[in-house]
Every structure is written in structure tokens, then in C-alpha cells.
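Down below is the structure, laid out as C-alpha cells.
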Amino acid sequence: MAQLKIEPEKIDAIISKWNSDAEFTIEMMQDVQDLYRHLPRQALMRISKATKTDLGRLYHIATFYKAFSLEPRGEHSIQVCMGTACHVKGATRVMDALARTLDVEPGKTTPDLKYTLEGVRCLGCCSLAPVVAMDDEIFSHVDSSMVTRVMRRHERTMRERGEEGDA
Ligand code: FES
């Protein structure tokens, strides 16, 4: 499994940005989540110490909100809608095909930390079922035979956005 390097000074900078104020522990955790795509134990311990907030409370928050993850998440998120409309139209087969292609179980992240694959509830666009969201890009009427093509298209979109961002 690839390792993300945790830099204590970056965590401390986040804590300072919020004046080490216990009122803003969630905001600090959000910043850490954005930076590392998860909440490393080291970060929670530093926030706990700096804000004098019980570490158990921070873990409670971390597990309560879906936006937080205690496990490193992939650079890209792949969400397969498992809501009723998508399920009826073959979402399970799509999920299986993605899991095979990425060689990762649903709910897990690839060892290179590139992708996190997960099943989610209705994404709110049932007429497009089955639906897969790759980062903020929605793919409609996906069937299991399209998985590789959809992934390539998403990679192209990401590359193009990166190039635009570099311009
Ligand atoms: S059930 Fe999949 S978008 Fe609604």
C-alpha cells in the first residue's frame, strides 16, 4: 500500500488557522481530510492536544460524518449508485465489473491510493439508471461491459482539466 507522508507542521498550520479554538475542531478536521483524504491518527491527536478536546470525541465525530474517513481514500472516488432504480437495472453487475477491473473490494481503496470504490444510495437522477459517479462526473446507463471505457473517459477528462489548470 502506498503511504501518504504526514507532515506535522502542515497539521499545526491548520490548527493555527483556526486559532486552536475547540469551537472549530470540525473545520480543522475538514481541512485535514481535504489535505490527506483521510484523518490520520497523528492529526487527531494534535488537534485534541491543541484544542484540549477529548480524543474520543474527535473519533466520534470522525465516524459520525460520512465526509470523514479514518482510512486513506483514493485520489479519485468511484461511486456506484445502489438505489432501487439502479439496482433493478443492473448496478450490482456494474459494481462487480468495477471491482474486478480495479482489483479492489467495494468500500475499499486501491493499494496505489488512486481509486476508492463504493456503493452509495440514490444519487437523485434515477431516469439515468444505472448511474456511476466518478469524482464529480456522472455516467448514465452504465452497463458492466462499459466499465473500462467509462474509466478511460474519466481519466481523459481529469487529464484535460489538469492541463487546463496548468495553462
Ligand atoms: S436509484 Fe440510482 S440515481 Fe436514483
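The values are calculated or read from the model by the stated rules, or taken from the named source; none is laboratory data. This one's a predicted model, so the numbers in the text were calculated from it and none came from an experiment. Counting neighbours? That spans all protein chains shown, and the Cβs are built from the backbone with ideal geometry, glycine included. What goes into the accessible areas is simple: the full protein's heavy atoms, side chains included, and nothing from ligands, DNA or RNA. Shrake-Rupley method; radii C 1.70, N 1.55, O 1.52, S 1.80 Å.
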Cα lying deepest toward the dipole's positive end in the chain, options Ala22, Leu128, Thr53, charges on Cβ: Leu128
Near-label residues of the range 1-23 by backbone N, under 11 Å of a point 7 Å along Cα→Cβ of Lys52: 22
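Counting only protein heavy atoms and using a 1.4 Å probe, what share of the accessible area of the chain belongs to carbon plus sulfur, as a whole percent? The partial results should precede the final answer.
Values: 4980 of 10000 Å².
It is 50 percent, rounded to a whole number.
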Cα gyration tensor, the range 8-64 - rounded (a/c under 1.5), prolate or oblate: rounded
Which listed pairs, of Lys89/Lys114; Lys5/Lys114; Lys10/Lys49, have C-alpha distances above 18 Å, in listed order: Lys89/Lys114
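Suppose all protein chains stay in the model; what accessible area per residue would a 1.4 Å probe give for the range 93-155, in Å²? The partial results should precede the final answer.
Numbers: 3400 Å² over 63 residues.
Solvent-accessible surface per residue comes out at 54 Å².
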Residues of the range 8-64: accessible area per residue with a 1.4 Å probe, Å²: 58
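Determine the shape class of the range 56-167: with a ≥ b ≥ c the square roots of the Cα gyration tensor eigenvalues, call it rounded for a/c under 1.5, and otherwise prolate if a/b is greater than b/c, oblate otherwise. Walk me through the numbers on the way to the answer.
Working: a/c = 1.63, a/b = 1.13, b/c = 1.44.
Cα axes put the range 56-167 in the oblate bin.
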Helical contribution to [θ] at 222 nm, DSSP H n ≥ 4, -39,500 (n - 2.57), averaged over the chain, rounded to 500: -14500 deg cm²/dmol
Spherically averaged projected area of the range 61-109 from its Cα convex hull (nm²): 4.1
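Given charges of +1 on the Cβ of Lys and Arg and -1 on the Cβ of Asp and Glu, with all other atoms neutral, how large is the dipole of the range 8-64 about its Cα centre, in debye to the nearest 20?
Working: 8 positive and 8 negative charges, 46 e Å.
About 220 debye.
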Helix 91-102 vs. the chain, principal-axis angle (Cα, 0 to 90°, nearest 10): 70
Helix axis angle, 147-166 relative to the chain longest principal axis, alpha carbon, degrees: 50
The range 4-80 versus the range 120-162: alpha-carbon centroid distance in Å: 29
Segment Ala13-Ile138, length gained on full extension (0.36 nm per residue, minus Cα span): 41.5 nm
Two-site label geometry, Ser145 and Val88: point separation in nm, points 7 Å out along Cα→Cβ: 2.4
Helix axis angle, 25-36 relative to the chain longest principal axis, alpha carbon, degrees: 60
Residue-level accessible surface for Arg156, protein heavy atoms, 1.4 Å, Å²: 120
